[in-house]
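Asks: Okay, here's the structure, questions in a sec.
A short reminder: the numbers here are calculations on the coordinates, not readings from a lab. Please read these numbers as outputs of a predicted model, since none were measured by experiment. With ideal geometry, Cβ positions are generated from the backbone for all residues, glycine too; neighbour counts draw on all protein chains shown.
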Amino acid sequence: MQLISINVSLAREVHYQGRTVSTGIFKKPITGAVQVSKLGLQGDQQADLSVHGGIDKAVYLYPNEHFNFWSDQYPQREFSAGLFGENLTTIGLLESEINVGDILRIGDVEFMVTIPRMPCFKLGIKMGDPGFIKAFLEANRSGFYLKVLKEGIIEADQPVAVTGGDGYGLKIAEVSRLYTLEKDNQTLLEKAVNAPNLTSKWKEFFQSRLLDKA
């Protein structure tokens, strides 16, 4: 498992459907050592803090392995590190294998896996296609957010190690499917609401689905 690219950007304003929108989705790879704090990477910025960033979504990771899939779906576009607005592009960390609550170490920094990424309309802006959001959700290739447990320095090309977890076994891919493709899966809903490290907001959301089906 390896970190192959670190991507950051400051927020910028773009014109969309007759209005001006601020977004930090236009991430670009950078070189050298980067400081990681509790709220993210040095030199990076989220525009709308009501839905982006914060302790539980400080850093966004996306698997490089998915780029071949997207290239097949959209051959007219080049897919490369940072395109999805991710901070970290990696090899060997797939949503089908990584659990909510897993602890990752890169350099001297420790992260905890929290939730899959559910995109807003700004991903459609970035891709030049509002319909891309639906394709992204249906593909179940979400990437995932990280909480920073231990601050420090990271650099591209460093190894990534899974050093621990809560042992519960709720895969990121399961949470993503439950949110988008298997909304009425009662067994999976019950598994999610009892997960020790799933965020309270997501637990409440899935609990409401259980109550709706009661």
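Asks: Tell me, how many Å apart are the Cα centres for region 20-47 and for region 140-172?
Replies: 17 Å
Asks: Can you find, among G169, Y16, L83, the residue sitting farthest towards the positive end of the charge dipole of the chain, where Lys and Arg contribute +1 and Asp and Glu -1 at Cβ?
Replies: Positive-most Cα among the choices belongs to Y16.
Asks: Under the 0.36 nm per residue contour assumption, what length would be gained going from the current alpha-carbon distance of Q76 and D56 to full extension?
Replies: On the way: separation 20, 0.36 × 20 = 7.20 nm, distance 3.45 nm.
In short, 3.7 nm is gained.
Asks: Which listed residue (L149, W202, Q186) has the Cα farthest towards the positive end of the charge dipole for region 136-214, taking +1 on Lys and Arg C-beta and -1 on Asp and Glu C-beta about the Cα centre?
Replies: Farthest along the dipole direction, towards plus: Q186.
Asks: What is the dipole size for the chain, taken about its Cα centre, with +1 at each Lys and Arg Cβ and -1 at each Asp and Glu Cβ, in debye to the nearest 20? Don't skip to the end; give the middle numbers.
Replies: Working: 23 positive and 25 negative charges, 111 e Å.
With Lys and Arg at +1 and Asp and Glu at -1, about 540 debye.
Asks: Rounded if a/c is under 1.5, else prolate if a/b is larger than b/c, else oblate: which is region 1-87, with a ≥ b ≥ c the root eigenvalues of its Cα gyration tensor?
Replies: Values: a/c = 1.89, a/b = 1.07, b/c = 1.77.
Oblate, because a/c is 1.5 or more while a/b does not exceed b/c.
Asks: Taking the beta-carbon count within 10 Å as an exposure proxy, list L94, L181, L211 from fewest neighbours to most. Please report the intermediate quantities before stating the final value.
Replies: Working: L94 18, L181 11, L211 8.
By the 10 Å Cβ count, ascending: L211, L181, L94.
Asks: Give me the lysines in straight-line cross-link reach of K203: C-alpha distance below 18 Å, same-chain residues under 8 apart excluded.
Replies: Straight-distance partners of K203: K57, K147, K171, K183, K191, K213.
Asks: Just rank T180, T89, T23, fewest to most, by other beta-carbon atoms within 10 angstrom.
Replies: Working: T180 17, T89 26, T23 23.
Placing the least packed residue first, the sequence is T180, T23, T89.
Asks: Can you list residues from other chains, or at least 5 along the same chain, whose modelled amide H is less than 5 Å from the amide H of V160?
Replies: Amide H neighbours of V160: Q2, L3.
Asks: Moving on. So what's the chain giving for Rg/Rh, alpha carbon basis, Kirkwood Rh from the mean inverse pair distance?
Replies: Values: Rg = 16.8 Å, Rh = 17.6 Å.
Value, to two decimals: 0.95.
Asks: Antiparallel DSSP bridges in the chain: what percent, to the nearest 5?
Replies: On the way: 35 of 38 bridges.
Counting only bridges with both partners in the chain, antiparallel ones make up about 90 percent.
Asks: For E65, what residues show an amide H to amide H distance below 5 Å, using hydrogens built from the backbone and excluding near sequence neighbours?
Replies: Here G92 satisfy the definition.
Asks: How about K38: which aspartates and glutamates have a C-alpha closer than 19 Å to its C-alpha, ignoring those fewer than 8 places off in the same chain?
Replies: D48, D56, E86, D102, D108, E110, E151, E155
Asks: Any chance you could tell me what percent of the C-alpha pair distances in region 168-214 go past 12 Å? Each step should come with its number before you reach the end.
Replies: Numbers: 595 of 1081 pairs.
Percent of Cα pairs beyond 12 Å in region 168-214: 55.
Asks: Among E86, E97, which comes first, second and so on when ranked by fewest other beta-carbon atoms within 10 Å?
Replies: On the way: E86 24, E97 14.
If I rank by nearby Cβ atoms, fewest first, I get E97, E86.
Asks: Note down the relative contact order for the chain as a percent, whole number, built from C-alpha pairs under 8 angstrom at least six residues apart.
Replies: Details: 455 pairs, mean separation 52.7, N = 214.
Answer for the chain is 25 percent.
Asks: If you don't mind, there's one more thing I want to ask. What are the ³J(HN,Hα) values, in whole Hz, obtained from phi via the Karplus relation 6.51 cos²θ - 1.76 cosθ + 1.60 with θ = phi - 60°, for each residue of region 76-91 in sequence order, with x given for Gly and Pro?
Replies: So the Karplus estimates, Gly and Pro as x, are 7, 10, 8, 9, 8, 3, x, 4, 8, x, 7, 7, 10, 9, 10, 10 Hz.
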